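The values are calculated or read from the model by the stated rules, or taken from the named source; none is laboratory data. Computed from a predicted structure; not experimentally measured. As a convention, Cβ positions derive from the backbone with ideal geometry for all residues, glycine included, and neighbour counts pool all protein chains shown. Please note that ligands, DNA and RNA were not included when accessible areas were found on the heavy atoms of the full protein model with its side chains. Shrake-Rupley method; radii C 1.70, N 1.55, O 1.52, S 1.80 Å.
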Amino acid sequence: MDVPSTWQKSSFSGSGDGNACLELGSTPTNLHLRESDTPATTLTAPLNALAHLLAGIRKDAPTHQSP
């Protein structure tokens, strides 16, 4: 099974210890997301599919111009 050996806490989760964090892990082929309070449940995305998604978002993203 493709499981990350380490997990990194999201910087948006705030500081300190606790069970209200989003964690990110990666393997050579996949990106994994989980909530720290339910670590057995993960969302897994193949890196190539994620790269295509992000490229599409960047291509179609509106440009922001300051007034």
**Q.** Close pairs from the range 31-45: first under 12 Å from PRO4 (Cβ atoms) and free of Cβ contacts under 8 Å to residues at least 60 places away in the same chain, partner open to solvent by 70 Å² or more (accessible area, probe 1.4 Å) and assigned to a loop (DSSP other than H, G, I, E, B), Cβ under 7 Å, at least 6 apart
**A.** ARG34/THR41
Q) Scanning the range 1-27 for residues that are assigned to a loop (DSSP other than H, G, I, E, B), over 22 Å from ALA51 (Cα atoms) and open to solvent by less than 100 Å² (accessible area, probe 1.4 Å), which turns out modelled with the lowest pLDDT? A) GLY18
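Can you pull out every residue in the range 28-65 that is in a loop (DSSP other than H, G, I, E, B) and open to solvent by 70 Å² or more (accessible area, probe 1.4 Å)?
Of the range 28-65, the ones in a loop (DSSP other than H, G, I, E, B) are 28-29, 36-41, 61-65.
Matches in the range 28-65: PRO28, THR29, ASP37, ALA40, THR41, PRO62, THR63, HIS64, GLN65.
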